[in-house]
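The values are calculated or read from the model by the stated rules, or taken from the named source; none is laboratory data. It should be emphasised that the depicted structure is a prediction, and the values quoted were computed from it without experimental measurement. Quick reminder, even Gly has a Cβ in these numbers, built from the backbone with ideal geometry, and neighbours come from all protein chains shown. Only protein heavy atoms, including side chains, enter the accessible area calculation; ligands, DNA and RNA are left aside. Shrake-Rupley method; radii C 1.70, N 1.55, O 1.52, S 1.80 Å.
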Amino acid sequence: MESAMFDIGLNITSSQFDHDRDEMIARAQAAGVNHMLFTGTSLDESERACAFARRYDGCFATAGVHPHEASTWNEASEARLRALADETAVVAIGECGLDFNRNFSTPAQQEQAFTAQLRLAAELDMPVFLHCRDAHARFMTLLDPWLDKLPGAVLHCFTGTEQEARECLARGLYLGITGWVCDERRGLELRALLPLIPAERLLLETDAPYLLPRDLQPKPASRRNEPCLLPHILTQVAHWRGEDPAWLEATTDANATRLFLKNASLV
């Protein structure tokens, strides 16, 4: 069976990829990662992510304003985001949500930008690509009124508690799991709750160039993560869930395709 993996979170616009972006994408495709979703974190970066998605086969983009960038949201932002969402390469609104860990934007600014993006996604019938850090209760309060109006939602790079996972899953969210789960220092709690995630709600991502899996052997010379390492994350997740890797590969690929590419052209 031909490999079919979908990296649902890749920061293609990172300057860490400036010197070998084409080669990085080729390595991923050679490793069986046949679909990649490029994360938009601001309107400018979303436009760049969209341009890169048009450039590479099997690649798509999100468009949105990350909570760190929420202070930039203004009256013109929604018009720009609406125009981006009309691009065929853009398949989700986000990365959007709340991050009360650093508060690069004030909580009030974050909440305004988050709600505006949820409203737009509901209007356009597009899934949302979500971020939540140290803000779970407020995040859920703002998200809840929109869930029955959205075609789907994924909480990207999930690193929360078992209770938070259960609350997200009860609402029908997908959970995006990264190489964080391969970290023997910080990832053990997440690793323990992996079996609680229904297979049909599980998505996999690298969040490259961040979150290089710490259990790679031999250890790579660079700390930069790449989408070609998604097969390693998949194999480890399958092991900890007690599932066949090939079955989990097909299942998570189908999940991502169902969430993001329902209305997208695969050509």
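Condition first: touching a Gly at 6+ places or on another chain (Cβ under 8 Å) and either under 22 Å from Leu37 (Cα atoms) or not in a helix (DSSP H, G or I) (or both). Now tell me which residues in the range 134-146 satisfy that.
Once the filter is applied, which keeps residues that are touching a Gly at 6+ places or on another chain (Cβ under 8 Å) and either under 22 Å from Leu37 (Cα atoms) or not in a helix (DSSP H, G or I) (or both), the range 134-146 yields only Ala135.
Would you mention how many residues in the range 48-57 are free of Cβ contacts under 8 Å to residues at least 40 places away in the same chain and either polar (S, T, N, Q) or farther than 12 Å from Thr88 by Cα (or both)?
Final tally of qualifying residues: 5.
Just one of Ala92, Ala70, Ala76, Ala61 is open to solvent by 10 Å² or more (accessible area, probe 1.4 Å) and either assigned to a loop (DSSP other than H, G, I, E, B) or hydrophobic (A, V, I, L, M, F, W, C) (or both); which is it?
Ala76
Hey, can you tell me all the residues within the range 95-123 that are open to solvent by 60 Å² or more (accessible area, probe 1.4 Å) and within 16 Å of Leu81 (Cα to Cα)?
Within the range 95-123, Gln112, Arg119, Glu123 meet the criteria.
Please tell me if Asp134 is surrounded by fewer than 23 Cβ atoms within 10 Å (Cβ to Cβ), at negative phi and within 19 Å of the chain's Cα centre (by Cα).
No, not satisfied.
Going by the conditions given, is Phe6 closer than 18 Å to Leu204 by Cβ and in contact with a helix residue (DSSP H, G or I) (Cβ under 9 Å, 6 or more places away or on another chain)?
Yes; evaluated as a whole, the condition is true for this residue.
Given the criteria part of a helix (DSSP H, G or I) and without any contact (Cβ under 8 Å) to a residue 40 or more places away in the chain, does Trp247 qualify?
yes
A quick yes/no check of all residues on (1) more than 30 Å from Arg191 (Cβ to Cβ); (2) in contact (Cβ under 8 Å) with a residue 60 or more places away in the chain:
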residue	(1), (2)
Thr88	yes, yes
Ala92	no, yes
Thr106	yes, no
Leu150	no, no
